[in-house]
Amino acid sequence: MTRLREALLWVLAGALPFAAAEVGLRLAGWRPASDWYFHGLADEGPPLVARGDWLEVAPPWRTIFRAEPFPIRRAPGEVRLVVLGDSVAWGHRSNEDPEPLRAWPDALQDLLRQRPGGASDRVVNLAARTWASLRVSRLLPQVLDLDPDAVVASFGSSEFLEEVTRRGWEARKARRPLWFWRLRVVEALEALVARLRGQVPVGLSTPALRERDDTLSAGYLRDQAAALDPGEAARRVAEAQARAAAMASLCQARGIPLVLLTVPSNLRWPPEASRHADPAARQEADEAVREGGRLLEAGEVQQALDLLTPMVARHPEVAALRFRLAQALDRAGRVAEARDQYESARDQSAFPLRAIGAFNQGLRQVAAAFPGVVLVDVEALARSWVPDGIPDDRLFLDQNHLTEAAHQRVAEAVLEALVARGIVKTTGGSP
């Protein structure tokens, strides 16, 4: 009996520091990176809750959505729109700056309120960084319960990222016993081990975005990202198109218009490594990419074209090779051909963080199939906003996030479409 008591005392003495650390982490409000990043894949409860006569973002979602509290009852004549989407609609500026910029939903609300009688109009922004069709479509039913004049949806840059995140979430759920892996102490130790292994990106200054990128560096996510096979792009596009169609059908059944935005991208932004190239093709292509770059730097554009054109014909799956050919065509003034190659390079990227062309084409097909869908073809508009028709840093802060001036143009295009379809009047008041 004495030995049993001594053993129990040793167990308690060893467990107390862990228990104290667990309590301390919970009281301090520390959450692992994945708790932020996986929002919308778990059942965290409704994102909007009533507080008296107002609706506000529920506490678990306040790091996710920007929406300010708004009254449940509309003001007389108020136009109310709800935005669903990704980091572009959220207003992402950069990983170095935690504050959102003035995104197109903000500009759209300003434009609505500038109309005579539109002072009470409201745009509820429920876009979230890294979200794509899976989580956006799951949010739609509650949004429709708000009975908005329209739902405006813009997503597509994070389709591959969201799928990898979902796989990571499923992998986490499969760990047993689940209660042990959900202890804050255990999760903190996992995060510490990841840092010691050098898996944490550097140079980020904001905690939320650092946590997001920490999660991306986790082994089970990184390994899944590398496992994309040649059919992955087609599957992701087909699934996203099916979700968009389901959203259109649900909106149509409720008599609420759905506005879909195609997604532009910075075509002069270099792609990631190719998804489909085998090692031998990559080596040959890499040599051609390096030599093509040297020729372009030397001003020998035609020699670069002579080198790169047959190489692209031989290895059309290599994104970097297509991108270098696009640069050569660009330098030669063959703008239309250059744009085609820039788009192909984007679409062949190993891990697309830009909406690929097939995704936007799928949205156009959904809009054509559902009379209640309003299509704002931002991808096509972005081409018209630059003289050479190749969207680049003149419109973007990085590979896919727009400048504030470009956000303003998107807002103007959305308002024009809403007015053309009679969803919004030129003067204040609901139609």
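Read the figures in this text as sums done on the coordinates, not as results from a lab. What you see is a predicted model; the values in this text were computed from it and never measured. Positions of Cβ are generated from backbone atoms using ideal geometry, with glycine treated the same way; all protein chains shown enter the neighbour counts.
Put simply, the amide H of Gly118, placed in the peptide plane, has neighbours under 5 Å in Gly428, leaving out anything fewer than 5 places away on its chain. Applied to region 387-399, the Karplus parametrisation 6.51 cos²θ - 1.76 cosθ + 1.60 on θ = phi - 60° returns per-residue 3J(HN,Hα) values of x, 8, x, 10, x, 8, 5, 5, 10, 10, 8, 8, 6 Hz, with x for Gly and Pro.
Exposure proxy for Ile356, Ile390: other Cβ atoms within 10 Å of each Cβ, ordered fewest to most, give Ile390, Ile356. Across region 292-345, Cα pairs under 8 Å and at least six residues apart give a relative contact order of 32 percent.
Rounded to the nearest Hz, the phi-derived 3J(HN,Hα) couplings of region 132-137 under the Karplus curve 6.51 cos²θ - 1.76 cosθ + 1.60 (θ = phi - 60°) are 9, 4, 4, 6, 4, 5, where x marks glycine and proline. Ranked by how many other Cβ atoms sit within 10 Å of their own Cβ, fewest first, the residues Met247, Met311 fall in the order Met311, Met247. Applying D = kT/(6 pi eta Rh) to region 279-347, where Rh is the Kirkwood radius over alpha-carbon pairs, T corresponds to 25 °C and eta to 0.890 mPa s, the Stokes-Einstein value obtained is 214 µm²/s. HN-Hα J couplings of region 232-247 from phi, Karplus 6.51/-1.76/1.60, θ = phi - 60°, integer Hz, Gly and Pro as x? Rounded to whole hertz, the list is 5, 4, 5, 5, 4, 5, 5, 5, 5, 5, 5, 5, 4, 5, 5, 4.
In this structure the amide hydrogen of Gly40, modeled in the peptide plane, comes within under 5 Å of no amide hydrogen from residues 5 or more places off or on another chain. For Val374, the residues 5 or more places off, or on other chains, whose built amide H falls under 5 Å of its own are Leu258, Val259, Leu260.
When Rg and the Kirkwood Rh are both derived from Cα coordinates, the Rg/Rh ratio for region 264-389 amounts to 1.04. Protection proxy ranking of 159-165, 257-263, by the mean of other Cβ atoms within 10 Å over each peptide's residues and highest first, is 257-263, 159-165.
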